[in-house]
Amino acid sequence: MKSIYYLILVVIFSSLISLNTYRFFSVDDMRLFLTVIGLIYGLMSAFSINNAWEKFSKIRDAISDETASLKAIYIYSKYLSDKVAFNKIRKTILAYCSDVPRIEWAEYFNSKKTHEEFEKLINSVAGIEIKDTKDGKLFSDISGELRDAIASRNTQLIMSQTKISSLQWTLNIFLSLILIMGLTFIATPNYSTFIFVIASMIASIIFILVVIHEMDSLKIADSEVYVSPYEEVVRLIKRDQK
């Protein structure tokens, strides 16, 4: 929904800019200049979007791997002879998977509560009392899944702090401003057509920056993939409790 509001604001802002009546450059004078700047801006924007999408994809995959491992840990632990350890594991996984989706990405790295809950899970697994060969095999499987969950979670923590560099942002914004200014002050014979074309181009330039920001800040991750995998683990545990 926010993206729609952004788009509406960008279109309105771009339309207002395009109403500018001061024209200093002809189309022929600016054609080569805007083509070169537009090409550089397009390459930089594509590079930025690719980096942000790659980070988003890694986090999405890490979330999938982590929650799959948490499911496996819960299922394996159900068959342990040590029911006290099983109850601890069940409660810690339930608490962790219930709390993580409530944390926004901006706060995820510094979320003490979720860190502590995950540490409790590690301690619960380490405290499993092995009573027979079956428990030994289950402990080995649980430990392997826990290692995978730890690795996946570390990937999320690292990726949540990885941002597009300030230099890259400065260059993107600088090039976009040059393009917008160049388009705004071009003189064209057909003024009505000019307003539509220039407004569309300026809106596209600004909206590309908005998309890069949304992807880099991982706001789309909050709504797209961040909640549902953890909710699925919670549903699994609560379903078994009935």
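The values are calculated or read from the model by the stated rules, or taken from the named source; none is laboratory data. Quick caveat, the model's predicted, so the values are computed rather than measured. Here the Cβ is made from the backbone with ideal geometry for all residues, glycine too, and neighbour counts use every protein chain on show.
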For a quick check of your reading of the model, give me the residue pairs whose first member lies in segment 144-163 and is closer than 14 Å to Arg60 by Cβ and in contact (Cβ under 8 Å) with a residue 60 or more places away in the chain, whose second is aliphatic (A, V, I, L, M) and surrounded by 14 or more Cβ atoms within 10 Å (Cβ to Cβ), with beta-carbon atoms closer than 6 Å and at least 6 apart or on different chains.
Ser152/Ala62; Thr155/Ala62; Gln156/Ile59; Gln156/Ala62; Met159/Ile59
Suppose the filter is surrounded by 12 or more Cβ atoms within 10 Å (Cβ to Cβ), at pLDDT 60 or above, over 30 Å from Val100 (Cα atoms) and over 27 Å from the mean Cα position of the chain (by Cα); does Leu34 pass it?
yes
Residue check, Ala52 in a helix (DSSP H, G or I) and within 23 Å of Ser228 (Cβ to Cβ):
yes
The one condition in (1) under 19 Å from Val234 (Cβ atoms); (2) surrounded by fewer than 17 Cβ atoms within 10 Å (Cβ to Cβ); (3) among the β-branched types (Val, Ile, Thr) that Ile150 fails to fulfil:
(1)
Picking from Lys137, Lys71, Lys113, which residue would you name as being more than 30 Å from Leu218 (Cβ to Cβ) and not hydroxyl-bearing (Ser, Thr, Tyr)?
Lys137
Do we find that Ser69 is closer than 28 Å to Gln161 by Cα, modelled with pLDDT of 95 or more and part of a helix (DSSP H, G or I) in this structure?
yes
Which residue pairs have Cβ atoms closer than 8 Å, lie 6 or more positions apart in sequence or on different chains, and pair a first residue in segment 114-143 that is under 14 Å from Val84 (Cβ atoms) with a second residue that is of a type in the set (Asp, Glu) and outside any helix (DSSP H, G or I)?
Ile128/Asp82; Glu129/Asp82; Ile130/Asp82; Lys131/Asp82; Asp135/Asp82; Asp135/Glu129
Residue list for segment 51-101, restricted to those being within 25 Å of Lys134 (Cα to Cα), surrounded by fewer than 20 Cβ atoms within 10 Å (Cβ to Cβ) and either among the charged types (D, E, K, R) or in contact with a Cys (Cβ under 8 Å, 6 or more places away or on another chain) (or both)
Lys71, Lys78, Asp82, Lys83, Lys88, Arg90, Lys91
With a cut-off of at least 1 residues that are at pLDDT 80 or above and hydroxyl-bearing (Ser, Thr, Tyr), name the helices (runs of 4 or more DSSP H) lying wholly within segment 122-230.
133-160, 166-184
